[in-house]
Amino acid sequence: MDSNKRPESMARITSQPMAERFIEDTVAELKKQIGDGKVILALSGGVDSSVVAALLIKAVGKQLTCIHVNHGLLRKGEPEQVVAVFRDQMNANLVYVDAVDRFLDKLVDVSDPEQKRKIIGAEFIRVFEEEARKLEGVKFLAQGTIYPDIIESKGVKAHHNVGGLPEDLGFELCEPVKFLYKDEIRVVGKALGLPDSMVYRQPFPGPGLGVRCTGAITRDRLEAVRESDAILREEFAKAGLEGKVWQYFTVVPDYRSTGVREGIRSWDWPVIIRAVNTKDAMTATIEEIPYSLLKVITDRILAEVKGVNRVLYDLSPKPCATIEWE
Ligand code: XMP
């Protein structure tokens with residue numbers, strides 16, 4: 001039997017009772033596989049790795065160590081949420097690695113998008129590897145591989161040059177959700193008691209805000225991306241669009257334009273809003289955001305985000321544009 005093929009007998013998980021059954025069976029299997037061994041997991045806070053963490057906490061508790069790498073390119077509030085949910089509420093072993101300076105220093109003056117991706121991916125593996133080596137007697141590496149990863153990218157979780165996790169550490173893989181589709185992961189996440197903001201989180205690229213701060217990343221412009229993204233997400237949530245629009249975010253390009261504030265000319269960045277709908281990310285259409293909402297978001301960004309004097313709405317579908325700007 002192909003160990004990477006979803007069993008034909010496996011019914012699609014669509015309800016809470018089905019998710020509970022899956023959790024029960026998976027926890028039993030994990031206990032059997034892991035025994036009294038130690039497991040590590042790179043926990044980004046995305047729904048896939050969060051579900052794997054919650055399953056493993058149920059199965060083996062403190063035998064699991066979660067490693068959360070803050071590379072400085074996460075959205076506002078994300079690292080704090082990972083610590084609050086997994087360390088404070090679920091009482092997990094969580095190693096929080098503040099690698100912000102390490103990543104941002106490596107990215108200084110790097111403007112080529114693929115080069116940026118490679119640096120972020122390679123540095124991530126390096127940091128994770130260093131943390132893994134500090135722990136003694138780890139036998140298993142858990143991963144949030146889901147079925148589309150297997151079908152679309154031959155089992156490699158992160159794509160677009162971000163790479164996989166280290167193979168040379170000799171860990172045995174533990175992939176408890178590898179036969180689940182995204183919708184099933186969300187049902188299971190909900191049944192595990194994870195917060196909605198984690199369960200229904202929109203897709204977020206591995207290189208994070210790094211590909212939304214176009215060209216060479218600077219700390220001040222990255223902050224403008226993070227703050228404008230937080231405002232956009234907050235206003236979308238208030239308007240009931242969270243979980244309804246497939247992906248929405250802001251981009252701050254590396255060029256400026258003139259503006260005027262309180263009679264003084266400015267030379268600041270624009271913020272570009274992107275909100276798209278898609279089934280498979282291969283093509284995408286534009287969400288028709290009500291004008292009144294666009295106005296609220298624009299006013300807030302102009303009032304609250306430093307270094308910004310214009311807000312634009314990107315109306316380009318995929319194709320011709322891609323979803324991300326880089
Ligand atoms: P594009 O820009 O190619 O994006 O139309 C399609 C989907 O892929 C996501 N994306 C990435 N995800 N690493 C990721 O993990 C990346 O480097 C990357 N680049 C794009 C993008 O957010 C969208 O959902």
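So, with a 1.4 angstrom probe, what is the percent of accessible area on the chain that is carbon and sulfur? That fraction is 52 percent.
Rank G121, V225, Q247 by how far each Cα sits towards the positive end of the charge dipole of the chain (+1 on Lys, Arg Cβ; -1 on Asp, Glu Cβ) and give me just the farthest. Farthest along the dipole direction, towards plus: Q247. Note: relative contact order over segment 1-115, using C-alpha pairs below 8 Å and six or more positions apart, is 21 percent. Solvent exposure of K190, expressed as accessible area, is near 90 Å², computed with a probe of 1.4 Å over the protein chains only. When segment 179-239 is described by a simple charge dipole with +1 on each Lys and Arg Cβ and -1 on each Asp and Glu Cβ, the residue from G210, L180, S197 located farthest towards its positive end is L180. Counting only protein heavy atoms and a 1.4 Å probe, the chain has 49 square angstrom of accessible area per residue. Model label points for N277 and R256, set 7 angstrom from Cα along the Cα-to-Cβ axis, are 3.9 nm apart.
Applying 0.36 nm per residue to the separation of V110 and A122 and subtracting their alpha-carbon distance, the gain on full extension is 2.9 nm. Rolling a 1.4 Å probe across all protein chains gives F204 an accessible area of roughly 50 Å².
If you take the alpha carbon radius of gyration of segment 1-150 and divide it by 2.2 N^0.38 Å, what ratio comes out, to two decimals? Working shown, then result.
On the way: Rg = 17.2 Å, N = 150, 2.2 N^0.38 = 14.8 Å.
After normalising by residue count via 2.2 N^0.38 Å, the value is 1.17.
Estimated at the nearest 10 Å², the accessible area of C320 is 140 Å² with a 1.4 Å probe.
In a simple Cβ point-charge model (Lys, Arg +1; Asp, Glu -1; nothing else charged), the chain has a dipole of about 260 debye relative to its Cα centre. Relative to the longest principal axis of the Cα atoms of the chain, helix 219-238 runs at roughly 80 degrees. Per residue, the convex hull spanned by the Cα atoms of segment 51-128 amounts to 98 cubic angstrom. The mean of 1/r over all distinct Cα pairs in segment 193-300, once inverted, gives the Kirkwood hydrodynamic radius of 15.3 Å. For segment 7-21, 3J(HN,Hα) computed residue by residue from phi via the Karplus equation (6.51, -1.76, 1.60; θ = phi - 60°) reads x, 5, 6, 7, 6, 5, 7, 10, 9, 4, x, 5, 5, 5, 5 Hz, glycine and proline entered as x.
Residue-wise HN-Hα couplings along segment 50-59, as the Karplus relation 6.51 cos²θ - 1.76 cosθ + 1.60 with θ = phi - 60° gives them from phi, are 5, 5, 4, 4, 5, 5, 5, 4, 4, 7 Hz; Gly and Pro carry x.
For K38, the residues whose amide H sits under 5 Å from its own are K139, F140, ignoring neighbours fewer than 5 places away on the same chain, with H placed 1.01 Å from N. Scaling against 2.2 N^0.38 Å puts the C-alpha radius of gyration of the chain at 1.04. Mean projected area of the convex hull spanned by the Cα atoms of segment 4-73, taken over all viewing directions: 6.2 nm². Per residue, the convex hull spanned by the Cα atoms of segment 104-150 amounts to 96 cubic angstrom. For Y291 and D196, a Förster radius of 35 Å and the Cβ-Cβ distance give a FRET efficiency of 0.80, rounded to the nearest 0.05. In this structure the amide hydrogen of N93, modeled in the peptide plane, comes within under 5 Å of the amide hydrogens of C66, none closer than 5 places in sequence on its chain. Rg then Dmax, both in Å and based on the Cα atoms of segment 74-227: 16.5, 45.
The values are calculated or read from the model by the stated rules, or taken from the named source; none is laboratory data. The structure presented is a predicted model; accordingly, all values stated were derived computationally and were not measured. Neighbour counts run over all protein chains shown; Cβ positions are idealised from the backbone, glycine included. For the accessible areas, the whole protein counts, side chains as well, though only heavy atoms, and no ligand, DNA or RNA atoms are used. Shrake-Rupley method; radii C 1.70, N 1.55, O 1.52, S 1.80 Å.
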